[in-house]
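Presented below is the structure to which this report refers.
Since every read-out is calculated from the coordinates, none of them should be taken as a lab result. Just so it is clear, the model here is predicted, and its values are computed rather than measured. Methodologically, a virtual Cβ is constructed for each residue, glycine included, from the backbone with ideal geometry; neighbour enumeration extends over all protein chains shown.
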Amino acid sequence: MSSPIRVTVWNEGVHEKTHEEVRKVYPNGMHAVIAEALQGAGFTTRTATLDEPEHGLTQEVLAQTDVLTWWGHMAHNRVEDAIADRVAKRVLEGMGLIVLHSGHMSKPFLRLMGTTGALKWREIGERERLWVVDPTHPIVQGLEEQIVIEHEEMYGEHFDVPAPDQLVYVSWFQGGEVFRSGCCWNRGMGKIFYFRPGHETYPTYYQKEVQQVIINAVKWAAPVQLPSVTYWHKPEPLEKF
Ligand code: ZN
């Protein structure tokens, strides 16, 4: 793609307003930190939040979005069904979707997965090691074989998602659990990447390696310029019979 990739960074943005400990970490919302990192990587970046009309995800905004990143947690059920459907439809049409942390229970992600998205969790600030399990994958370009995050929430298997089309990272936690923390799926013309870290009370999205994974994931998930496919049409034979 010759023109810059257009990214929309979506955040429900509720914790930052209601919880002082979250506001201290992300005074302008975590979307501001993620968007700044993506802008710095040369993408055309905008943000959108739950409280905006149509959650900031109008038809026009989505039509101008190559890749959407999604962080939500306490207000998944405040996302209107029509908007969740609109996002899922755009992914099937080719928009990339990067689902972050607790976005595993978001409406667009569950629509696209068809499973419960359930997992185990524990919040005691333990260490997380994310190990690269696919060193050939573009999402790990320029990164080391592991990313260490000193304090994170634990997510543990089993993670109720369809088997990923490509598995990029597996996490280990101090408490003993493991988790498929970097998962890729293809859905229709679209690509989806789920990336686990990013609990709201820790400064995870300031960590350079975490930002690099998201930057690489945006490049990977950006639509490929292909000839459009015509479905439900009965073609004439191309050769003489
Ligand atoms: Zn969390």
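May I have the pair-distance distribution P(r) for the chain, computed from all Cα-Cα distances with 5 Å bins from 0 and rounded to whole percent?
Computed distribution, short to long bins: 1, 6, 14, 19, 20, 18, 10, 5, 2, 2, 1, 1, 0, 0, 0.
Taking only C-alpha pairs under 8 Å that are 6+ residues apart, what is the relative contact order of region 1-77 in percent?
47
Running a GNM on the chain with Cα contacts under 10 Å, which residue among T47, T58, T136 ends up with the highest mean-square fluctuation?
Result: T136 has the largest fluctuation of those listed.
Taking the number of other C-beta atoms within 10 Å as the exposure measure, put I34, I83 in order starting with the fewest.
I83, I34
Determine by what factor the alpha-carbon radius of gyration of region 183-228 differs from 2.2 N^0.38 Å, reporting the quotient.
Working it through for region 183-228, the quotient is 1.41.
Each residue of region 87-93 in order: what ³J(HN,Hα) in whole Hz does its phi give by Karplus 6.51 cos²θ - 1.76 cosθ + 1.60, θ = phi - 60°, with x for Gly and Pro?
Along region 87-93, the couplings run 5, 4, 5, 5, 5, 4, 7 Hz.
Among E21, E150, what is the fewest-to-most ranking by other Cβ atoms within 10 Å? Intermediate results must be reported in sequence, preceding the final value.
Details: E21 9, E150 12.
Result, fewest neighbours first: E21, E150.
Rounded to whole Hz and in sequence order, give me ³J(HN,Hα) for region 119-126 from the Karplus expression 6.51 cos²θ - 1.76 cosθ + 1.60, θ = phi - 60°, writing x for Gly and Pro.
Values per residue, Gly and Pro as x: 7, 9, 8, 8, 10, 10, x, 7 Hz.
Return the loop-located trypsin sites (Lys or Arg not before Pro) in region 155-241 (DSSP other than H, G, I, E, B) with at most 12 other Cβ atoms within 10 Å of their own Cβ; answer none if there are none.
Filter output for region 155-241: K240.
For the chain, calculate the relative contact order in percent as a whole number, restricting contacts to Cα pairs under 8 Å that are 6 or more residues apart.
RCO, the chain: 21 percent.
Once the Cβ-Cβ distance between S3 and I124 is put in as r, and R0 is 35 Å, what FRET efficiency do you end up with, to the nearest 0.05?
Efficiency computed from Cβ-Cβ geometry: 0.20.
In nm, what is the difference between 0.36 nm times the number of residues separating E157 and T58 and their Cα-Cα distance?
32.1 nm
Taking the number of other C-beta atoms within 10 Å as the exposure measure, put M189, M30, M113, M74 in order starting with the fewest.
M74, M189, M113, M30
Applying the Karplus parametrisation 6.51 cos²θ - 1.76 cosθ + 1.60 with θ = phi - 60° to the phi angles of region 98-103, what ³J(HN,Hα) value in whole Hz is obtained for each residue in order, glycine and proline being reported as x?
3J(HN,Hα) across region 98-103, in whole Hz: 10, 9, 9, 6, 5, x.
Can you compute the modelled spin-label distance between Q39 and W232, with each label point 7 Å from Cα toward Cβ, in nm?
4.3
How charged is the neighbourhood of A221? Take every other residue with its Cβ under 13 Å from the Cβ of A221, and add Lys/Arg as +1 and Asp/Glu as -1.
+3
So what's the net charge close to I5: Lys and Arg +1, Asp and Glu -1, counting the other residues with Cβ under 14 Å from its Cβ?
Surrounding charge for I5 is +3.
Quick check on region 55-154: what are the equivalent-ellipsoid semi-axes from the Cα gyration tensor, as sqrt(5λ), descending, whole Å?
27, 19, 12
Can you list residues whose amide H is under 5 Å from M189's amide H, if they're 5+ apart or on another chain and H is modeled 1.01 Å from N?
E93, G94
Which one, V67, V213, V224, has the greatest fluctuation when you compute a Gaussian network model over the chain with C-alpha springs under 10 angstrom?
V224
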